[in-house]
Amino acid sequence: MSTHPSRVFVARLLGLDVFDPLGDRLGRLRDVVVLSRGSRGAPHVVGIVVEVPGKKRVFVPMTRITSIDQTQIICTGLVNLRRFEQRGAETLVVAEMFDRRVTLADGSGDATIEDIAMDQHRSKDWFVSKLFVRRGHSLSPLSRLRRNETLIIDWADAQTGGHNEPQAATQFVATHEDLKPADFAEALQEMSDKRRFEVASELQDERLADVLQELPEDDQVEILSALDVERAADVLEEMDPDDAADLLAELPSAQAEELLQLMEPQEAEDVRRLLEYDEDTAGGLMTPVPVILPPEATVAEALAHVRREELSPALASSIFIARPPLETPTGRFLGVVHIQQLLRFPPPEPLGNLVDKNLEPLSDQAHISEVARTLATYNLNSLPVVDDDGRLVGAVTVDDVLDHLLPDDWRAHEDDAPVRKLGGRIG
């Protein structure tokens, strides 16, 4: 590193690529780890959290950073790829310091941290030096005139509250809006319970529903139970019915019933039907809302339906053809049209002419082992599920089966296989 003092703001580093000396990309910066020194001075910056391929987050000590600026970060390449776990005295800047309320030392009131600057000293160690804050509400008339004013202050010119004090999550959510739900869920799992609830409360219902679906069941239950009951019901409505049913099945029956009563009747009805099945059956795994069209619908209509953004790739791969009513349970199930067939026929072609009549639907009582074998045998992404009367009641997708077959803690599974030369954690 250069011996000259340097300063960088953390918010401007988020998402930057991290490279080794040969120019190979190691991953992407997601947070900065600092260690409080109490009355001895500003927090010591001990390392960064990098998201490496496989969406795993690892710790890279600052002693292994050879260059850092607003465009890229270069490290020595000696990285321990064990999943990052926060130690007791460590603080994550983005997750735990952004949006924290501070009291200004000049007596002008409160402010909220929106960014943090860190400086490299002559010793080559990095320390938090400046806070970029937005002035908050105060009883002082002068402070009221300055509401929403932003300013850069020294670390020593602000007093932070205790870690148990309520903290907003606006900045964290804004800086992570580009993350896929599974990656956002990964970030949540690294937080304390308190911070996790604060971030979850900041998310819009639809975003929170998507993230919840990617969390282990225990975390889902904790977050949902911490929400106001009416908001919890709203979030359940935004979840896929099969995921909502799985979550409700983990709750005490009285709590689950209260939430079902608060949900919209149609969404609640779908979830109630799923709860009637054993979890090891096709009915317990399926979603009741696949793409369903009548045989008279055309290729053009089918393509319009599978373009919907909210559809998973597995569900978008097949169109299920049935007689009305087209909501599950439907009229008589006729068969499946695969998306590749849609691409081979002209837009006006009726779907009834393209039905794959050789694909037998699954019974809603079929065991998961039969579901898995059928998906593997025919190399399919989804399968139709029918009741005893031959009516389509839903579809099972390959991701539903994988979720069920993998261990309960698969999202937290540790894979220590190195992709860079290993080095011990320092600092």
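The values are calculated or read from the model by the stated rules, or taken from the named source; none is laboratory data. Worth saying up front: this structure is predicted, and the values here are computed from it rather than measured. Every residue, glycine as well, gets a Cβ built from its backbone with ideal geometry; the counts of neighbours run over all protein chains shown. Calculation scope for accessible area: heavy atoms of the full protein, side chains included, ligands and nucleic acids excluded. Shrake-Rupley method; radii C 1.70, N 1.55, O 1.52, S 1.80 Å.
The C-beta contact set for the stretch 245-266 (first residue free of Cβ contacts under 8 Å to residues at least 60 places away in the same chain and more than 13 Å from LEU212 (Cβ to Cβ), second residue in a helix (DSSP H, G or I) and open to solvent by 90 Å² or more (accessible area, probe 1.4 Å), distance under 8 angstrom, 6+ apart or interchain) comprises LEU262/GLU230.
Yes or no, residue by residue, for (1) open to solvent by 30 Å² or more (accessible area, probe 1.4 Å); (2) touching a residue at least 40 places away in the same chain (Cβ under 8 Å):
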site: ALA169; (1), (2): no, yes
site: THR175; (1), (2): yes, yes
site: ASP178; (1), (2): yes, yes
site: ALA185; (1), (2): no, yes
site: PHE197; (1), (2): yes, no
site: SER201; (1), (2): yes, no
site: ASP210; (1), (2): yes, no
site: ASP218; (1), (2): yes, no
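When the stretch 30-52 is filtered for residues that are more than 16 Å from ASP154 (Cβ to Cβ) and at pLDDT below 85, only GLY38 remains. The condition (being of a type outside the set (Lys, Arg), more than 20 Å from ALA158 (Cβ to Cβ) and open to solvent by 70 Å² or more (accessible area, probe 1.4 Å)) is satisfied by just one residue among LEU22, LEU16: LEU22. Of the candidates LEU342, LEU362, the single residue that is touching a residue at least 40 places away in the same chain (Cβ under 8 Å) and farther than 23 Å from GLU269 by Cβ is LEU342. Only one entry of VAL299, VAL291 meets the criterion of being aliphatic (A, V, I, L, M), touching a Phe, Trp or Tyr at 6+ places or on another chain (Cβ under 9 Å) and in contact (Cβ under 8 Å) with a residue 40 or more places away in the chain, and that entry is VAL299.
Taken over the stretch 84-112, the criterion of being surrounded by fewer than 22 Cβ atoms within 10 Å (Cβ to Cβ), under 22 Å from PHE172 (Cα atoms), in contact (Cβ under 8 Å) with a residue 24 or more places away in the chain and small (Gly, Ala, Ser) is satisfied by ALA89 alone. Mind checking whether some residue in the stretch 245-262 is within 22 Å of HIS338 (Cβ to Cβ) and open to solvent by 60 Å² or more (accessible area, probe 1.4 Å)? Checking the stretch 245-262: not a single residue is within 22 Å of HIS338 (Cβ to Cβ) and open to solvent by 60 Å² or more (accessible area, probe 1.4 Å). Exactly one residue out of ASP234, ASP242 is assigned to a helix (DSSP H, G or I), in contact with a Gly (Cβ under 9 Å, 6 or more places away or on another chain) and open to solvent by less than 70 Å² (accessible area, probe 1.4 Å): that is ASP242. Of the strands (runs of 3 or more DSSP E) lying entirely inside the stretch 332-404, those containing at least 2 residues that are farther than 15 Å from GLU279 by Cα and touching a Leu at 6+ places or on another chain (Cβ under 8 Å) span 333-338, 382-386. For LYS55, the criteria (1) modelled with pLDDT of 90 or more; (2) open to solvent by 40 Å² or more (accessible area, probe 1.4 Å); (3) at positive phi hold in every case but one, which is (1).
Only one of the numbered conditions (1) at pLDDT 90 or above; (2) more than 19 Å from ALA314 (Cα to Cα); (3) acidic (Asp, Glu) is violated by ASP409, and that is (1).
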